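A.B. asks: My questions all concern the structure below.
The values are calculated or read from the model by the stated rules, or taken from the named source; none is laboratory data. Keep in mind that this is a model prediction, so the values were computed, not measured. All Cβ positions, even for glycine, are placed from backbone atoms using ideal geometry, and neighbour counts span all protein chains on display.
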Amino acid sequence: MTETEWLLDSDPSIRWQVMRDLGDAPEEVVAAERARVTTEGWGARLLALQGEDGQWDGGTYFPGWAATSEPADQPWTATTYTLLLLRDLGLDPASEEARRAVAQVRDNSKWEEAGQPFFSGEVEPCINGMTVALGSYFGQEIRGVVDRLLGEQLSDGGWNCWAEDGSTRSSFHTTICVLEGLLEHERATGGSADVTASRLRGQEYLLERGLLRRLSTGEVVDPDWTLFSFPTRWHYDVLRGLDYLRSAGVVPDERCAEAIELVKKRRREDGRWPLQNTHPGAVHFAMEEGDDEPSRWNTFRALRVLDWYEHGPAVPASR
């Protein structure tokens, strides 16, 4: 079984994206497969878990139970991370199921930080980057959050959730969340000069550092970034950074070379990539077998990144 055949022998959420990004299936075939995300597999399971209060697990960023106890690990079952996962699965935002689910979030879900409505955003740039990505993808008004992020960009080009506490250096974790949000906003609105300029500055922040090294010393910032997880949650890693560049239609250059070699190095002898560095915390259900086991998500993402690096960006760039 080839890697592509193995990927297609999976959930509709993977199959439709493999057809689009790694194959040459007609658009109508891809669209028909994508439509199955709402009715079959992981997408349908997640949609069915939305509560009567319009949220997942009773909370916006934290599950309802986390309000009365301190979880040992970050829980991933509340509304924000569930919607992010549905976006990763490629739930069609125009579908009746998506519109209904998102309307309930818009009308009912409020941030634990100060009770702000979901699509008004919160105070941390990493969370607001996620909010912009979700609002833009699912067709909600989000420009106020975008403007806040533009005003919070640091002088080195990135963002940091600790900037309010005096930090002047950007964070890879925060920056990738914001970049993905701004890119989604540009796609949804057609873009604007100020948003594009801000995103390109943030993009350069990653590229100047080779996607994993300190600018000051050249040291690898965090060895965990050379391990590839999925879902990535709020965490940065090299594969996530490369996949953003691919999605943004960046023409790869030598600053990507070391990161690309890391991706190649992680490939197993059977041609597949393993799941690595899973971020601990409660989940709705497991999509793969666990760390060190072959991962369809990582294999698919790695293959499309390598295709981008070897052949250049798609026209138009696909997410």
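A.B. asks: For Pro231, indicate whether it is touching a residue at least 40 places away in the same chain (Cβ under 8 Å) and either over 22 Å from Gly281 (Cβ atoms) or not aliphatic (A, V, I, L, M) (or both). Talk me through it step by step, then tell me what you get.
C.D. replies: Numbers: touching a residue at least 40 places away in the same chain (Cβ under 8 Å): yes; either over 22 Å from Gly281 (Cβ atoms) or not aliphatic (A, V, I, L, M) (or both): yes.
For Pro231, the condition - touching a residue at least 40 places away in the same chain (Cβ under 8 Å) and either over 22 Å from Gly281 (Cβ atoms) or not aliphatic (A, V, I, L, M) (or both) - is met.
A.B. asks: Looking at Ala163 and the list (1) surrounded by fewer than 18 Cβ atoms within 10 Å (Cβ to Cβ); (2) farther than 22 Å from Leu245 by Cβ, which single condition is not satisfied?
C.D. replies: (1)
A.B. asks: List the helices (runs of 4 or more DSSP H) that sit entirely inside the stretch 206-319 and contain at least 2 residues that are under 30 Å from Glu40 (Cβ atoms) and either of a type outside the set (Phe, Trp, Tyr) or modelled with pLDDT under 95 (or both).
C.D. replies: Numbers: elements: 238-247, 257-265, 296-311.
Of the helices (runs of 4 or more DSSP H) lying wholly inside the stretch 206-319, those with at least 2 residues that are under 30 Å from Glu40 (Cβ atoms) and either of a type outside the set (Phe, Trp, Tyr) or modelled with pLDDT under 95 (or both) span 238-247, 296-311.
A.B. asks: Next question. Name the residues in the stretch 167-183 that are closer than 23 Å to Ala94 by Cα and in contact with a Leu (Cβ under 8 Å, 6 or more places away or on another chain), would you?
C.D. replies: Keep residues of the stretch 167-183 that are closer than 23 Å to Ala94 by Cα, which gives 180-183.
Once the filter is applied, which keeps residues that are closer than 23 Å to Ala94 by Cα and in contact with a Leu (Cβ under 8 Å, 6 or more places away or on another chain), the stretch 167-183 yields Gly181, Leu182.
A.B. asks: Now a separate question. Out of Val132, Val102, report the one residue that is free of Cβ contacts under 8 Å to residues at least 40 places away in the same chain, among the aliphatic types (A, V, I, L, M) and buried (at least 19 other Cβ atoms within 10 Å of the Cβ). Steps first, please.
C.D. replies: Values: Val132 fails: free of Cβ contacts under 8 Å to residues at least 40 places away in the same chain.
Answer to the selection: Val102.
A.B. asks: For Ser109, only one of the following conditions fails: (1) without any contact (Cβ under 8 Å) to a residue 60 or more places away in the chain; (2) surrounded by fewer than 20 Cβ atoms within 10 Å (Cβ to Cβ); (3) more than 19 Å from the chain's Cα centre (by Cα). What is its number?
C.D. replies: Every listed condition holds for Ser109 apart from (2).
A.B. asks: Identify, from the list Leu262, Leu239, the residue that is within 16 Å of the chain's Cα centre (by Cα), hydrophobic (A, V, I, L, M, F, W, C) and crowded, with 18+ Cβ neighbours inside 10 Å. Steps first, please.
C.D. replies: Working: Leu262 fails: within 16 Å of the chain's Cα centre (by Cα).
Residue meeting the stated conditions: Leu239.
A.B. asks: Gln203 - would you say it is within 17 Å of Leu179 (Cβ to Cβ) and at pLDDT 95 or above? Reasoning before the result, please.
C.D. replies: Working: within 17 Å of Leu179 (Cβ to Cβ): yes; at pLDDT 95 or above: yes.
Yes.
A.B. asks: List the pairs whose first member sits in the stretch 169-197 and is more than 16 Å from Arg143 (Cβ to Cβ) and in contact (Cβ under 8 Å) with a residue 40 or more places away in the chain, whose second member is assigned to a loop (DSSP other than H, G, I, E, B) and among the polar types (S, T, N, Q), and whose Cβ atoms are under 6 Å apart, counting only residues at least 6 apart or on separate chains?
C.D. replies: Ser171/Asn160; Thr174/Asn160
A.B. asks: What are the residues in the stretch 216-230 that are of a type in the set (A, V, I, L, M, F, W, C) and touching a helix residue (DSSP H, G or I) at 6+ places or on another chain (Cβ under 6 Å), if any?
C.D. replies: Initial filter on the stretch 216-230 (of a type in the set (A, V, I, L, M, F, W, C)): 220-221, 225, 227-228, 230.
Answer for the stretch 216-230, where residues must be of a type in the set (A, V, I, L, M, F, W, C) and touching a helix residue (DSSP H, G or I) at 6+ places or on another chain (Cβ under 6 Å): Trp225, Phe228, Phe230.
A.B. asks: Let me ask something else about it. Anything in the stretch 64-86 that is in a helix (DSSP H, G or I) and buried (at least 20 other Cβ atoms within 10 Å of the Cβ)? List them, or say none. First the steps, then the outcome.
C.D. replies: Narrowing the stretch 64-86 to residues in a helix (DSSP H, G or I): 64-67, 79-86.
Listed by number, the residues that qualify are Thr79, Thr80, Tyr81, Thr82, Leu83, Leu84, Leu85, Leu86.
A.B. asks: Okay, next question. Name the residue that is farthest from Pro252 (Cα to Cα), counting only residues in the stretch 194-233 that are of a type in the set (Phe, Trp, Tyr) and in contact with a Leu (Cβ under 7 Å, 6 or more places away or on another chain).
C.D. replies: Of all residues in the stretch 194-233, those of a type in the set (Phe, Trp, Tyr) come to 205, 225, 228, 230.
Now restrict to residues that are in contact with a Leu (Cβ under 7 Å, 6 or more places away or on another chain): 225, 228, 230.
On the way: Trp225: 20, Phe228: 20, Phe230: 23 Å.
It comes out as Phe230.
A.B. asks: If you scan the stretch 131-174, which residues turn out to be within 20 Å of Leu84 (Cβ to Cβ) and of a type in the set (Val, Ile, Thr)?
C.D. replies: Once the filter is applied, which keeps residues that are within 20 Å of Leu84 (Cβ to Cβ) and of a type in the set (Val, Ile, Thr), the stretch 131-174 yields Thr131, Val132, Ile142, Val145, Val146, Thr174.
A.B. asks: Next question. May I ask you to list the residues in the stretch 22-60 that are charged (D, E, K, R), at pLDDT 95 or above and surrounded by fewer than 19 Cβ atoms within 10 Å (Cβ to Cβ)?
C.D. replies: First pass over the stretch 22-60, keeping only residues charged (D, E, K, R): 24, 27-28, 33-34, 36, 40, 45, 52-53, 57.
Then keep just the ones that are at pLDDT 95 or above; that gives 27-28, 33-34, 36, 40, 45, 52-53, 57.
If the condition is that a residue be charged (D, E, K, R), at pLDDT 95 or above and surrounded by fewer than 19 Cβ atoms within 10 Å (Cβ to Cβ), then Glu27, Glu28, Arg36, Glu40, Arg45, Glu52, Asp53 are the ones that fit.
A.B. asks: Same structure, new question: Residue by residue through the stretch 271-313, note down the ones that are of a type in the set (A, V, I, L, M) and closer than 20 Å to Ala257 by Cα. Give the steps one after another, and end with the answer.
C.D. replies: Residues of the stretch 271-313 that are of a type in the set (A, V, I, L, M), as a first pass: 275, 282-283, 286-287, 302-303, 305-306.
Selection gives Ala302, Leu303, Val305, Leu306.
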